[in-house]
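The values are calculated or read from the model by the stated rules, or taken from the named source; none is laboratory data. Bear in mind the structure is a predicted one, so any value in this text is a computation, not a measurement. Positions of Cβ are backbone-derived with ideal geometry, glycine not excepted, and every protein chain shown enters the neighbour counts.
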């Protein structure tokens with residue numbers, strides 16, 4: 001294993017492809033983002049990093065609410081479109097059908113199989129990006145993709161973002177908290 | 001699209017499978033984690049959420065350094081093992097061969113194709129979990145999986161974590177910042 005040092009870079013192996021929903025100037029807006037993950041179990045929280053210059057930032061700071069919407073692989077064109085075009089230049093309210101949950105100012109994309117409704121907990125200034133940490137108020141999903149009360153991965157067909165490309169998650173390799181039982185000390 | 005509200009939960013569509021490397025009580029330790037993403041472009045930062053009770057937390061808080069190591073699909077047993085067993089109960093230093101970079105206290109797993117070396121920037125108390133935000137000091141990779149100065153996704157064969165299972169990333173669907181050009185207003 002010959003290692004090489006590639007220098008500092010914002011690298012992550014695989015990331016989710018998401019649409020950040022926010023009301024900006026009173027209109028629903030959707031922005032593509034991949035720098036997101038779960039931040040806490042109890043209370044449930046998620047986080048997403050957004051460039052300070054983004055139109056969406058204004059809406060989150062104004063309303064202290066946002067949503068993370070999970071497009072399916074069939075929606076890759078719409079998902080990528082929302083990353084190519086800024087809401088400052090073009091009204092993106094019509095790309096998806098918006099609906100609202102308990103938080104009245106976090107628009108969610110009805111065409112996406114899963115939407116995470118969030119109330120802002122904290123934003124951390126990291127430099128070029130703000131890391132928005134949001135408490136999950138509710139998770140909304142298409143009835144058809146839910147199994148055992150949770151979104152089913154195979155049915156929702158989420159898009160992985162890696163190396164500036166979109167990928168499908170296809171084959172389940174192993175169950176977690178199980179595969180490791182086969183481990184034997186070397 | 002009949003929507004159902006599933007209630008608040010720490011949901012994310014897809015996540016990376018990682019091994020968090022930290023020196024704890026002077027010994028390298030590796031812990032499986034999936035709640036991680038990029039937090040900033042400039043300076044480059046990543047973040048990872050860890051339960052406060054984890055053995056690894058002690059090491060990160062002590063040294064203010066950690067690493068995120070990306071196992072390949074071939075290492076799924078070792079990766080899951082490090083999530084089943086706590087370093088408090090069992091010495092996990094021997095699961096991987098440790099090496100160190102510029103930050104002298106963040107052990108990295110040589111068998112993993114990619115390792116991200118971090119210096120702690122900030123930790124955010126979210127409740128059950130601490131969100132550790134780290135500045136990326138360097139990215140180390142096996143020469144064989146690097147293409148154009150970056151880790152290649154197909155070659156490094158990372159593991160996706162979703163719905164308590166490990167998945168392979170298999171088919172590239174579209175290029176990002178490109179597919180959206182096909183979008184036509186409805």
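Summary of values
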{"item": "Residue among A:32, A:56 that is within 16 Å of the chain's Cα centre (by Cα) and free of Cβ contacts under 8 Å to residues at least 40 places away in the same chain", "result": "A:56"}
{"item": "Any chance residue A:169 is free of Cβ contacts under 8 Å to residues at least 40 places away in the same chain, under 15 Å from the mean Cα position of the chain (by Cα) and either surrounded by fewer than 20 Cβ atoms within 10 Å (Cβ to Cβ) or assigned to a strand (DSSP E or B) (or both)", "result": "no"}
{"item": "For residue B:88: the one exception among (1) surrounded by fewer than 23 Cβ atoms within 10 Å (Cβ to Cβ); (2) more than 7 Å from chain A (Cβ to nearest Cβ); (3) touching a helix residue (DSSP H, G or I) at 6+ places or on another chain (Cβ under 6 Å); (4) not in a loop (DSSP other than H, G, I, E, B)", "result": "(4)"}
{"item": "Every residue from the range B:59-85 that is in a loop (DSSP other than H, G, I, E, B), over 16 Å from the mean Cα position of the chain (by Cα) and farther than 21 Å from residue A:125 by Cα", "result": "B:85"}
{"item": "Check on residue B:163, touching a helix residue (DSSP H, G or I) at 6+ places or on another chain (Cβ under 6 Å) and facing chain A (nearest Cβ under 7 Å)", "result": "yes"}
{"item": "Any hit, the range A:107-118, residues being crowded, with 20+ Cβ neighbours inside 10 Å, at the interface with chain B (Cβ under 7 Å from one of its Cβ atoms) and within 26 Å of residue B:40 (Cα to Cα)", "result": "yes"}
{"item": "Residue check for residue B:147: more than 26 Å from residue A:48 (Cβ to Cβ) and at the interface with another protein chain (Cβ under 7 Å from one of its Cβ atoms)", "result": "no"}
{"item": "Filter pass, residue A:183 being within 7 Å of chain B (Cβ to nearest Cβ) and at pLDDT below 95", "result": "yes"}
{"item": "Filter result for residue A:147 (surrounded by fewer than 18 Cβ atoms within 10 Å (Cβ to Cβ) and at pLDDT 95 or above)", "result": "yes"}
{"item": "Residue A:77 in contact with a helix residue (DSSP H, G or I) (Cβ under 9 Å, 6 or more places away or on another chain), at the interface with chain B (Cβ under 7 Å from one of its Cβ atoms) and within 23 Å of residue B:14 (Cα to Cα)", "result": "yes"}
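Listed here are the residues, each with its yes/no results for (1) surrounded by fewer than 20 Cβ atoms within 10 Å (Cβ to Cβ); (2) at the interface with chain A (Cβ under 7 Å from one of its Cβ atoms); (3) in a strand (DSSP E or B); (4) at pLDDT 95 or above.
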{"residue": "B:102", "(1), (2), (3), (4)": "yes, no, no, yes"}
{"residue": "B:122", "(1), (2), (3), (4)": "yes, yes, yes, yes"}
{"residue": "B:130", "(1), (2), (3), (4)": "no, no, yes, yes"}
{"residue": "B:135", "(1), (2), (3), (4)": "no, no, yes, yes"}
{"residue": "B:139", "(1), (2), (3), (4)": "no, yes, yes, yes"}
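Table: residues versus (1) surrounded by fewer than 24 Cβ atoms within 10 Å (Cβ to Cβ); (2) in a strand (DSSP E or B); (3) facing chain B (nearest Cβ under 10 Å).
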residue: A:11; (1), (2), (3): yes, no, yes
residue: A:22; (1), (2), (3): no, yes, no
residue: A:31; (1), (2), (3): no, yes, no
residue: A:39; (1), (2), (3): no, yes, yes
residue: A:42; (1), (2), (3): yes, no, yes
residue: A:57; (1), (2), (3): yes, no, no
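Yes/no per residue for (1) crowded, with 24+ Cβ neighbours inside 10 Å; (2) within 16 Å of residue B:12 (Cα to Cα); (3) modelled with pLDDT of 95 or more:
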{"site": "A:8", "(1), (2), (3)": "no, no, yes"}
{"site": "A:36", "(1), (2), (3)": "yes, yes, yes"}
{"site": "A:45", "(1), (2), (3)": "yes, yes, yes"}
{"site": "A:53", "(1), (2), (3)": "no, no, yes"}
{"site": "A:60", "(1), (2), (3)": "yes, no, yes"}
